[in-house]
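Peer 1: Attaching a single structure in structure tokens format; questions to follow.
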Amino acid sequence: MAEPLRFGFIGAGEIALQTARAVEASEHARLVAVSDANPELAKDLASRHGAAFEPTPDELIARADVDAVYIAVPHFLHLMLAQAAARGGKHVLLEKPAGATAEDAERVVRTARECGVTLSVPFIYRYAATWGRVRELVADGALGTLQGVRITYVHRKPDSYWEGGYSGRSRSDWRTRVLQAGGGVLIMNCIHEIDAVRWATGLEADSVFAEYGTFATQAEVEDRIGAVVQYRGGAVGVIEACSHAPGGAGPAGDGGQRIIGTTGQAVISGGKVWYYGEGDHRAAPAGRWAELPAPQERDARALLVDDYARALSVGEEPPIPDDAGLEAMKVVTAAYQSKRHRRAIRIEELFQRPVMAPRRTVG
Ligand SMILES: NC(=O)c1ccc[n+]([C@@H]2O[C@H](COP(=O)([O-])OP(=O)(O)OC[C@H]3O[C@@H](n4cnc5c(N)ncnc54)[C@H](O)[C@@H]3O)[C@@H](O)[C@H]2O)c1
């Protein structure tokens, strides 16, 4: 077997803990060093996995025994740290989003390519059994020609989320700040579904119109958004998200993620996949709704990290290509620009004039 991929982690907050467990579980990966602006968190994570503590990202990137750098920090730092890792000759596994704006994401991709290293964003839904099943249905033609998708995210995040995420491990209000997070529920949560739809259906966004606001929180970023996505070829998508709906999704659920074709539909809801088709398909007989045999749901993060490390350890490209993070960010940035310009924004417009990137004040 090839030598395991040696990871250095920049960021030892909430999600890094989970990713480190995934690294530990993979026979293809090893965690060798950790750095974080908060040294206590870095030391804590390093000690859990027998890794070294590095005082700064630069020192971590400079280590000869680091093959790939995993970056899990506030969004406005993604560009700077991903570029630093790439320029240091390291492969980059960059948490979503690929940048705080599409422009940042494009610069990250370009830098990685120029430096001859790989870049990948860990979109874990690509490893969820539900989305895998929907992808199979689309590939089999079981839905016919796609006419639309619906992405829903209706939750009630705890108030403490804004001061330290779900765990409170790293106390900071970066998630509330437009300049630091880049936005709210769309960039933070729906970006997963935006990528999953693209991966499962092959649909590419052409334009986005959005309205959003902040209603139930003191955050600067949006806690409610509605968007319409026009896909190339004509399919129409709808995104509806609310991160602070009283009572959350409630007993009726949020309606799930829905892919509608001309001859069939697929719905992901409550960890299940439902399918209706008008023609006979091995998934279900024609003309009735069926819950597809529940694929065993797996730890998507563990699968992703294992697959990524396996690929890189044998010199393959990462299973999630570098453009995935950029394409998802084009939809996000177009949505945010749409509200500012009060019109639909075409994806191809994004790079014809400067993307309205927040002025950076990173120290
Ligand atoms: N893929 C997923 O499902 C998923 C889930 C949660 C978070 N995330 C993403 O992971 C990233 C981190 O999120 P989180 O919830 O772990 O946040 P967090 O606030 O818990 O952790 C971020 C860490 O970055 C550190 N940090 C800040 N500035 C730094 C710097 N200049 N150098 C080094 N370290 C620095 C902080 O001290 C903190 O420990 C975000 O991009 C977030 O969107 C992804």
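Coordinate-derived values only; no laboratory data. Please read all numbers here as calculations on a predicted model, not as lab measurements. Virtual Cβ from ideal backbone geometry, glycine too; neighbours counted across all protein chains shown.
Peer 1: Considering the chain as a Gaussian network with a 10 Å cut-off on Cα pairs, which listed residue, Ala252, Ala311, Ala196, attains the greatest mean-square fluctuation?
Peer 2: Ala252
Peer 1: May I pose another question? Let me check the size of the stretch 125-300 from its C-alpha atoms; what are the radius of gyration and Dmax in Å?
Peer 2: Here Rg and the maximum Cα pair distance are 17.4, 54 Å.
Peer 1: Using only Cα atoms, tell me the angle between helix 78-87 and the longest principal axis of the chain; keep it within 0 to 90° and round to the nearest 10.
Peer 2: Approximately 60 degrees, to the nearest ten.
Peer 1: Cα-based count: Lys pairs in the chain below 30 Å, eight or more positions apart or different chains?
Peer 2: Close lysine pairs found across the chain: 13.
Peer 1: For Trp289 and Arg232 in the same chain, what is the full-extension length gain: residue separation times 0.36 nm, less their Cα-Cα distance, in nm?
Peer 2: Extending this stretch completely gives an extra 17.7 nm.
Peer 1: Given a 10 angstrom Cα cut-off, can you work out which residue in Arg175, Arg232, Arg133 is the most mobile in a GNM of the chain?
Peer 2: Arg232
Peer 1: Using θ = phi - 60° and the Karplus form 6.51 cos²θ - 1.76 cosθ + 1.60, what ³J(HN,Hα) does each residue of the stretch 181-194 get, whole Hz, x for Gly and Pro?
Peer 2: Residue by residue, the stretch 181-194 yields 9, x, x, x, 4, 5, 6, 7, 10, 5, 4, 4, 5, 4 Hz.
Peer 1: Calculated FRET efficiency, Ala64 and Glu240, Cβ-Cβ r, R0 45 Å, to nearest 0.05?
Peer 2: The computed FRET efficiency comes out at 0.40.
Peer 1: Then there is this: Among Val23, Val314, Val178, Val138, what is the fewest-to-most ranking by other Cβ atoms within 10 Å?
Peer 2: In order of increasing Cβ crowding within 10 Å: Val314, Val178, Val138, Val23.
Peer 1: In degrees from 0 to 90, rounded to the nearest 10, what is the angle of the helix 39-48 Cα long axis to the longest principal axis of the chain?
Peer 2: Between helix and principal axis, roughly 80 degrees.
Peer 1: Determine ³J(HN,Hα), in whole Hz, for all residues of the stretch 242-252 in sequence, where each value follows from phi through the Karplus function 6.51 cos²θ - 1.76 cosθ + 1.60 and θ = phi - 60°; x replaces Gly and Pro.
Peer 2: 8, 8, 9, 7, x, x, x, 6, x, x, 7
Peer 1: Same structure again: Please give the contour-minus-distance gain from Arg113 to Lys272: 0.36 nm per residue of separation, less the Cα-Cα distance, rounded to one decimal in nm. Don't skip to the end; give the middle numbers.
Peer 2: Values: separation 159, 0.36 × 159 = 57.24 nm, distance 3.81 nm.
Fully extending the segment from Arg113 to Lys272 adds 53.4 nm.
Peer 1: I've got another one for you. Can you put Cys115, Cys190, Cys242 in order, fewest other beta carbons within 10 Å first?
Peer 2: Listing Cys115, Cys190, Cys242 from fewest to most nearby Cβ atoms yields Cys115, Cys242, Cys190.
Peer 1: If you take the Cα atoms of the stretch 38-128, find Rg, then find the Kirkwood Rh from the mean of 1/r over all pairs, what is Rg/Rh?
Peer 2: Numbers: Rg = 13.3 Å, Rh = 13.7 Å.
Radius of gyration relative to Kirkwood radius: 0.98.
Peer 1: Follow-up question, since we're still on this one. Quick one: length gained pulling Val178 to His341 fully straight, 0.36 nm per residue minus the C-alpha distance? Kindly include the intermediate steps, with their values, before the conclusion.
Peer 2: Details: separation 163, 0.36 × 163 = 58.68 nm, distance 1.73 nm.
Between Val178 and His341, full extension yields an extra 57.0 nm.
Peer 1: What FRET efficiency do you get for Ser167 and Thr214 if R0 is 30 Å and r is their Cβ-Cβ distance, rounded to the nearest 0.05?
Peer 2: Values: r = 24 Å, r/R0 = 0.78.
Calculated transfer efficiency: 0.80.
Peer 1: Sticking with this one: How many percent of all Cα-Cα pairs in the chain sit more than 27 Å apart?
Peer 2: 48 percent
Peer 1: Now for a different question. If one takes the longest principal axis of the Cα atoms in the chain, at what angle in degrees, from 0 to 90 and to the nearest 10, does the Cα axis of helix 129-139 lie?
Peer 2: 50 degrees
Peer 1: Among Pro74, Pro55, Pro251, which one shows the biggest mean-square fluctuation in a GNM of the chain, springs joining Cα atoms closer than 10 Å?
Peer 2: Taking springs between Cα atoms under 10 Å, the residue moving most is Pro251.
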